[in-house]
Every structure is written in C-alpha cells, then in structure tokens.
Amino acid sequence: MNELTTTAIIIGILYSAVRLATPYLYAAIGEMISEISGVLNLGVDGIMLLSAYGAFLQTGNLWLALLVAAVIGLLMGLLMAFISVTLKAEQGISGIGLYMFGLGLSTLLFKTTIGTVKTIEGFQPVKIPVLGDIPFVGEILFNQSLPVYGAFLLVPLAWFILDKTTWGLKLKAVGQTPAAADSLGVSVDRTRYVATCIGSILAGLAGAALSLALVNLFQENLTAGLGFIAVALVPFGGWRPLGIMFGALLFSTVNSVQLWLQVLGIGIPSDVAVMLPYLLTIVALAFTVSRVRGPAALNKPFERGAH
C-alpha cells in the first residue's frame with residue numbers, strides 16, 4: 001500500500017467519522033439539556049426513529065423534512081414531559097415506553113406506507129469557500145452537508161446558552177436544587193418541560209440527519225440503538241457540550257473504522273466489527289459513571305414542599 005493510498009484511506013476514515021458524529025451530537029446535546037434540568041429521557045432512540053420516518057416522507061423538500069422531524073420531536077417531548085413532570089412517573093420506565101412507542105409506530109408506518117427500502121438523494125456536501133481548499137483538513141471538515149455543519153455549530157451554541165445566559169443558570173439550578181430554585185421564583189415544571197422539549201426536538205433532528213444526510217434511506221429500526229449510545233455520551237462527556245463532542249467523535253471514528261475494515265476486506269468478521277461501537281459504550285460507561293457527577297436531581301420528580 002503506497003503513501004498516496006494510505007493518505008486517501010485516512011482522509012476517508014476521518015471524513016466519515018465527522019459525518020457519523022452528526023446524529024450523536026444532535027441527540028446527545030439534546031439529552032444533555034434535558035438531563036441538566038433533571039429529566040432522564042431514555043426515549044431518544046424512539047424519537048429519532050419516528051422523526052427519521054417523518055422526514056423521509058418529505059424528501060421533496062428537505063427543509064420541510066427537517067421541520068417535520070422537529071415537530072415530531074416536539075410532540076414526543078411534550079408526551080415525555082407530561083408523563084415524567086406532570087404525572088411524575090418513573091422516568092426510566094417512561095423513557096423506555098416512549099422508545100418502544102417510536103420503534104413500533106415507525107415500523108408499522110413504514111410497512112404500510114413505504115413497504116420496501118428506497119434510497120433518496122438527501123443533503124449533499126457543500127464545500128465552504130477557501131476553508132474547503134485547505135489540504136487534508138479542508139477535505140475532512142469543510143466539504144460536509146449542512147446538517148453536519150449544524151451539529152458542530154450546536155456545540156458552542158449549547159455552551160453559550162448553558163454558561164452565559166440567565167436561562168442556562170436557571171436550568172442548572174432546577175437540575176441541582178429544584179426546591180431552592182422554586183423558592184426563588186423559578187418554575188421547575190415549566191423549565192423541565194422546555195428542556196425536555198428542546199432535547200426531543202434535537203433528537204428529532206438527529207433522526208432526520210440520519211435518514212437524509214447519512215444513509216439517505218429509511219428502514220425498520222434504522223437507528224440500531226444509536227439513540228442509547230447518545231444517552232451514554234452525556235455522562236461520558238461530563239454533561240458538557242465539548243466533552244460530548246469529543247465522545248461523539250470517538251464513537252463515530254470507531255464506527256468509521258469498522259466500516260472501512262469491511263470495505264477494505266480486512267480479515268475481521270463483520271459481526272465483530274459492527275459490535276465495536278457498542279463494546280466501546282460499555283467500556284466508556286464503566287470508566288466514567290463513577291468518576292463524574294450528574295445533576296443532583298436527575299431522575300427525581302419535584303414536588304413543592306417535599307423534602
């Protein structure tokens with residue numbers, strides 16, 4: 001293998017890694033916002049599936065497809081918030097129920113309306129002038145599709161909102177000490193509703209990015225558990241946007257490598273290669289969960305006057 005071929009393979013792996021990080025970023029940053037408010041939403045994968053299906057049906061207008069995905073995410077978020085915040089049901093069970101609902105409904109709708117796997121054109125790469133001409137780096141970072149750019153721009157935006165705005169400070173207060181936040185006039189329930197809905201909208205956009213910008217198709221269980229990896233990325237990244245971005249790139253790079261191993265015909269069983277991202281999830285959680293502390297009120301319903 002000559003040097004030119006090796007360079008092309010490295011560029012291909014890193015280019016794919018940046019693309020594949022897109023749904024992780026949307027879903028994980030959305031889940032981070034929800035969790036910082038105190039709501040654990042394990043239904044991310046189901047939201048992604050239903051939104052990916054809804055977006056796929058609107059491929060005649062890709063911007064409308066994104067809007068449809070966001071609306072589906074919002075509706076699923078309202079359902080999750082109603083169950084976990086208003087009804088104060090156990091959040092883990094509620095989230096799994098939401099996931100099963102999204103999985104089942106997307107499968108049913110796919111079979112009744114589409115029936116077979118179809119490919120679409122989807123979002124195409126958009127080269128950024130000047131930056132896209134930078135050797136090596138330009139090919140990897142600045143020749144991506146618009147949803148990819150949006151995912152990475154979301155990282156500094158989320159940081160700014162959480163650390164530099166009043167709403168971000170209220171969000172953290174609600175997730176850490178909801179009783180104290182309530183005593184200062186902050187509506188805990190309303191804040192959690194908004195955070196859960198924002199997180200679910202971003203999960204919807206993650207599903208749309210998957211079906212319209214990455215694989216350009218829809219099929220049963222399209223996410224294949226990607227939403228659960230996104231949930232795992234939140235503690236892995238320490239509930240910080242930058243940490244989540246590094247985690248997303250780590251997972252997407254492993255995923256990219258396993259895809260390239262199959263393309264290059266390297267003698268590793270495909271089942272083993274496909275298993276690598278999920279194995280990494282288990283290892284990452286084993287090493288990070290005990291070392292980082294999440295919001296103190298995470299997964300704890302708030303009742304005014306309760307101690």
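The values are calculated or read from the model by the stated rules, or taken from the named source; none is laboratory data. Small disclaimer: the values here were computed from a predicted structure and weren't measured. Here Cβ is always computed from backbone atoms with ideal geometry, including for glycine, and neighbour counts include all displayed protein chains.
Go through the residues of region 47-65 one by one and say whether even a single one is touching a residue at least 24 places away in the same chain (Cβ under 8 Å), surrounded by fewer than 24 Cβ atoms within 10 Å (Cβ to Cβ) and in a helix (DSSP H, G or I). Yes - at least one qualifying residue is present in region 47-65.
Look through region 103-159, keep the residues that are over 19 Å from residue 23 (Cα atoms) and of a type in the set (Phe, Trp, Tyr), and return whichever of them is modelled with the lowest pLDDT. Residue satisfying both the conditions and the ranking: 136. Pairs linking a residue in region 210-226 that is closer than 15 Å to residue 147 by Cβ to a residue that is among the basic types (Lys, Arg), with Cβ atoms under 8 Å and 6 or more positions apart or on different chains, are 213/19; 214/19.
Filter region 168-178 down to residues that are touching a residue at least 24 places away in the same chain (Cβ under 8 Å) and assigned to a helix (DSSP H, G or I) and give me whichever is farthest from residue 244 (Cα to Cα). That would be 178. Out of the residues in region 134-145 that are part of a helix (DSSP H, G or I) and free of Cβ contacts under 8 Å to residues at least 60 places away in the same chain, state the one that is surrounded by the most Cβ atoms within 10 Å (Cβ to Cβ). Out of the qualifying residues, it is 138. Among (1) touching a residue at least 24 places away in the same chain (Cβ under 8 Å); (2) more than 19 Å from residue 205 (Cβ to Cβ); (3) touching a helix residue (DSSP H, G or I) at 6+ places or on another chain (Cβ under 8 Å); (4) among the β-branched types (Val, Ile, Thr), there is one condition residue 83 misses while meeting the rest; what is its number? With (1) touching a residue at least 24 places away in the same chain (Cβ under 8 Å); (2) more than 19 Å from residue 205 (Cβ to Cβ); (3) touching a helix residue (DSSP H, G or I) at 6+ places or on another chain (Cβ under 8 Å); (4) among the β-branched types (Val, Ile, Thr) applied to residue 83, the lone miss is (1). Restricting the search to region 179-205, which residues are of a type in the set (Gly, Ala, Ser), in contact (Cβ under 8 Å) with a residue 60 or more places away in the chain and farther than 17 Å from residue 40 by Cβ? Passing the criteria: 179, 204.
Determine, yes or no, whether residue 71 is buried (at least 24 other Cβ atoms within 10 Å of the Cβ) and either closer than 25 Å to residue 168 by Cα or polar (S, T, N, Q) (or both). No.
For every residue, the table says whether it meets (1) in a loop (DSSP other than H, G, I, E, B); (2) within 30 Å of residue 64 (Cα to Cα); (3) under 13 Å from the mean Cα position of the chain (by Cα); (4) at pLDDT below 85.
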residue	(1), (2), (3), (4)
182	no, no, no, no
195	no, yes, no, no
230	no, yes, yes, no
250	no, no, no, no
265	yes, no, no, yes
290	yes, no, no, yes
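Being touching a Phe, Trp or Tyr at 6+ places or on another chain (Cβ under 7 Å) and at pLDDT below 75 holds for only one residue in 284, 273, and it is 284.
Is it the case that region 107-120 has a residue that's within 22 Å of residue 252 (Cα to Cα) and surrounded by fewer than 18 Cβ atoms within 10 Å (Cβ to Cβ)? Looking through region 107-120, none of the residues is within 22 Å of residue 252 (Cα to Cα) and surrounded by fewer than 18 Cβ atoms within 10 Å (Cβ to Cβ). The numbered conditions (1) more than 14 Å from residue 15 (Cβ to Cβ); (2) in contact (Cβ under 8 Å) with a residue 12 or more places away in the chain; (3) among the aromatic types (Phe, Trp, Tyr) are all true for residue 152 except (1). Pairs are defined by a Cβ separation below 7 Å, a sequence spacing of at least 6 or placement on different chains, a first member in region 112-133 that is on the phi > 0 side of the Ramachandran plot, and a second member that is of a type in the set (Phe, Trp, Tyr) and exposed (fewer than 10 other Cβ atoms within 10 Å of the Cβ); no pair meets this definition.
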